[in-house]
Amino acid sequence: KVFSSLAQFEGLIIDCCTGEGGPFLGPVANRHHTYRVSLRTPESLETGVGWSCRFHPGPNRGRYRLPFSQFVPWRRGRRAEDFPNLSADVLNKVISFSLLFTRSDNLGFSGGKFSIRLFSIEVFRTQD
């Protein structure tokens, strides 16, 4: 299992940059969008709940640390208050990882081109 040992780590590092401001994107130059990383378990198929964390990459390559303590339960674009925050038990059940761009996180976005360039995804511990 790819995700079977996530509970021994404290979070994810997303190494990326956006394409905003590139010559092919025209009017979206200098606009920074919000992205979201989502983790799901087998129970997510029944409940629709995934645990997600927002981050705001810029046009320059950067490493974004997303501590698991900042992941919160979401369902259909809203916080799922009746579900627990991400715990070791939930982390041991993760079966999927998603990178999301949602209109609810980018209220001024009316459509059009955008991009993100992903270099790597890593896990970290505090001593790393």
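The values are calculated or read from the model by the stated rules, or taken from the named source; none is laboratory data. What you see is a predicted model; the values in this text were computed from it and never measured. Cβ sites come from the backbone with ideal geometry, for glycine too, and all protein chains shown count toward neighbours. Side chains included, ligands, DNA and RNA excluded: accessible areas come from the protein's heavy atoms. Shrake-Rupley method; radii C 1.70, N 1.55, O 1.52, S 1.80 Å.
Brief remarks follow.
- Remark: region 107-112, residue by residue, has Karplus-estimated 3J(HN,Hα) of 4, x, 7, 10, x, x Hz, where x stands for each Gly or Pro and the curve is 6.51 cos²θ - 1.76 cosθ + 1.60 at θ = phi - 60°.
- Near V72: Cβ cut-off under 12 Å, other residues only, Lys/Arg at +1 and Asp/Glu at -1. The net charge is +4.
- Percent accessible area from carbon and sulfur atoms, region 88-128, protein chains only, probe 1.4 Å: 53
- Accessible solvent surface per residue of the chain, calculated while the other protein chains remain in place, 1.4 angstrom probe, Å²: 59
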